[in-house]
Amino acid sequence: SQPPFESTGRGPATGLNGLVSSGHPLATSASLATMQAGGNAFDAVVTMAAVIAVVEPSSNHLGGDAFSIYQAAGQDGLHALNASGPAPAATDPDAFSGGIPQIGLRSASVPGAVSAWDTLAANHSRFDLARLLQPAIDFAERGFPISHALSRAITDSHEKLSASATGLALFYPGGEPLRPGAILVQTDLASTLRAIATGGADAFYQGDFAQKLDAWSRDHDAWMTAADLAAYRCEVGEPIYTNYRGYQIAGQPPVSQGYVLLSQLNIAAGFDFADTGFGSPNTVHTMIEAKKLAFADRHGFLGDPDHIDYDMPRLLSEEFATHRRAAIDPAHAANEPPPGSLNDGSDTTVIAAVDAGGNAITYIQSLFEGFGCGVIPDGTGVLLNNRMTGFSLDPVAPNFLQPGKRTMHTLNTYMVLRDGRLYLLGGTPGGHYQVQTNFQLISNVLDHGMHVQQAVEAPRWGHDELTGVTGLETRFPASLNLELRGRGHVAVSDGP
């Protein structure tokens, strides 16, 4: 049926033997070639994750982190991978009296993405890591033409890329930013990838890269050491679950904010969005208010489960959802709602693949902000994240910065099951907007009967918790903006 908004009219992509998805055509084509050569969904995702780190260095890299939810053929249940790293052991919160800086190695946590690649390849792939990383090595060694988007990101990030002489020389050769179509060759990165291809994650966390990072850190008064890397391993556990409209929703467990997606759905389950309609003032108002409540609980309760106690079954219970749902006023927007009581009743990339054998994986990889902390240790070609900026410096906050602790993460993915069978999987870039977008996409499909392409194309709202502003895509009618303002929302029609 025709959705109630302007759309392209395209249908969803279909296939008999498998599907892959990424944000860059070079990554997608490389993973398709891997699958056509006999690889499965895991082979495709590891290939994409490595290639996209090479061709989209502004949004993700080997020095970033990753999360995933996946289904492995022949195994019961779903699995949740957490490849986020902790703050270095030498981290001193008192050194951040002026706030955690966005630039420089002191803002980097231990990178986890390479451990994720190695874990997925070793346990679920048909090909070895050397074959899966070869396309990425080729693009790093021979170069690729950079896009307009990457060129803009480079031009806008001169200060950050100046954090290391290597980064400045790579992206500003001759003092000028790389222009669209320029060929970006990354020989140091190719060498690091080749070492991982032959030596696995140990070559990254215990080999030459770790030593070079350690040396750069000592020379620049940072805290990351080779010991921090040697101690790191990603984790594989179980997702967290809730039910929505008769479907089972699998989300990313802490330290991911995946709980927020499930919490929004739990609160929304008490309202009939199919009856109020897509994009109506009642539907959008209620979803924004559910978002506010879920985010308030995120700030009040979530952090690294190795360092704090939290009651996830209680947070995901119908009793707690009913308690939170009662806080929504249908006529008025809430202003900074507090967390609920347990004593009563954005730069990132997402890739995904499924295959005919029953394997399915949704995977997200990020440096946190554009180009991470801006540091490329000499001789490595690897950009480091600035994920430490996600910590709080409030000692009573569950996400308070401590050595060896992982920050609460915006990264999350999800899967939807119907009668125990995979029905939908997804994820999105967008930092704090990720769970808001995922919330709307799931509602578009399950409440409003849209197919996947329609759900992706539908106009979206996004609520900024810092400013209190709700951004509305301009394809929503102007009357929605006026109605939301009448209920107390600060709404603007220029998109989230």
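The values are calculated or read from the model by the stated rules, or taken from the named source; none is laboratory data. Everything numeric in this text was worked out from a predicted model, so none of it was measured. Virtual Cβ from ideal backbone geometry, glycine too; neighbours counted across all protein chains shown. Only protein heavy atoms, including side chains, enter the accessible area calculation; ligands, DNA and RNA are left aside. Shrake-Rupley method; radii C 1.70, N 1.55, O 1.52, S 1.80 Å.
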Scanning the range 263-290 residue by residue, those within 13 Å of Arg487 (Cα to Cα) and among the acidic types (Asp, Glu) turn out to be Glu289
Exactly one of Ile288, Ile267, Ile240 is within 27 Å of Pro3 (Cα to Cα), touching a strand residue (DSSP E or B) at 6+ places or on another chain (Cβ under 8 Å), crowded, with 16+ Cβ neighbours inside 10 Å and not small (Gly, Ala, Ser), and that residue is Ile288
A careful count of residues in the range 291-316 that are farther than 14 Å from Ser443 by Cα, part of a helix (DSSP H, G or I) and under 24 Å from the mean Cα position of the chain (by Cα) gives 13
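Kindly check whether there is at least one residue in the range 108-118 that is surrounded by 23 or more Cβ atoms within 10 Å (Cβ to Cβ) and more than 21 Å from the chain's Cα centre (by Cα).
no
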Pairs returned, first residue in the range 68-85 that is open to solvent by 10 Å² or more (accessible area, probe 1.4 Å), second residue that is in a strand (DSSP E or B) and among the hydroxyl-bearing types (Ser, Thr, Tyr), beta-carbon separation under 6 angstrom, 6 or more apart or interchain, are His79/Tyr70
Restricting attention to the range 341-364, the residues that are of a type outside the set (A, V, I, L, M), assigned to a loop (DSSP other than H, G, I, E, B) and modelled with pLDDT under 95 number exactly 5
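Has the range 24-35 got any residue that is among the β-branched types (Val, Ile, Thr) and buried (at least 22 other Cβ atoms within 10 Å of the Cβ)?
Checked the range 24-35: at least one residue is among the β-branched types (Val, Ile, Thr) and buried (at least 22 other Cβ atoms within 10 Å of the Cβ).
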Every listed condition ((1) aromatic (Phe, Trp, Tyr); (2) modelled with pLDDT of 85 or more; (3) surrounded by fewer than 24 Cβ atoms within 10 Å (Cβ to Cβ)) holds for Tyr310 save (2)
Filtering the range 463-478 down to residues that are under 21 Å from Lys292 (Cα atoms) and among the β-branched types (Val, Ile, Thr) yields Thr467, Val469, Thr470
Counting only helices (runs of 4 or more DSSP H) wholly inside the range 179-255, the ones holding at least 1 residues that are closer than 24 Å to Asn82 by Cβ and of a type in the set (D, E, K, R) are 201-205, 226-230
So Thr14, is it touching a Phe, Trp or Tyr at 6+ places or on another chain (Cβ under 9 Å), in a loop (DSSP other than H, G, I, E, B) and surrounded by fewer than 24 Cβ atoms within 10 Å (Cβ to Cβ): no
Checking Ala201, Ala210, Ala195 in turn, the sole residue that is in contact with an Asp or Glu (Cβ under 8 Å, 6 or more places away or on another chain), crowded, with 21+ Cβ neighbours inside 10 Å and not basic (Lys, Arg) turns out to be Ala201
For the range 267-290 the number of residues that are in a helix (DSSP H, G or I) and either over 28 Å from the mean Cα position of the chain (by Cα) or among the β-branched types (Val, Ile, Thr) (or both) is 10
Those residues of the range 429-483 which are aromatic (Phe, Trp, Tyr) and either open to solvent by less than 10 Å² (accessible area, probe 1.4 Å) or touching an Asp or Glu at 6+ places or on another chain (Cβ under 7 Å) (or both) amount to Phe439, Trp461
The residue that is farthest from Arg325 (Cα to Cα), considering only those in the range 365-385 that are assigned to a loop (DSSP other than H, G, I, E, B) and at pLDDT below 95, is Gly370
- Message: Against the condition out of contact with any Cys (no Cβ under 8 Å at 6 or more places or on another chain) and either among the β-branched types (Val, Ile, Thr) or modelled with pLDDT under 95 (or both), how does Ser151 come out, does it pass?
- Response: no
Among residues of the range 169-227 being out of contact with any Pro (no Cβ under 7 Å at 6 or more places or on another chain) and of a type in the set (Lys, Arg), the residue farthest from Pro377 (Cα to Cα) is Arg179
Flagged in the range 348-398 as open to solvent by 20 Å² or more (accessible area, probe 1.4 Å), of a type in the set (D, E, K, R) and either touching a His at 6+ places or on another chain (Cβ under 9 Å) or within 17 Å of Met48 (Cβ to Cβ) (or both), in numbering order, are Asp355
Within the range 64-74, is there a residue that is within 25 Å of the chain's Cα centre (by Cα), under 20 Å from Ala121 (Cβ atoms), at pLDDT 95 or above and of a type in the set (D, E, K, R)?
-> yes
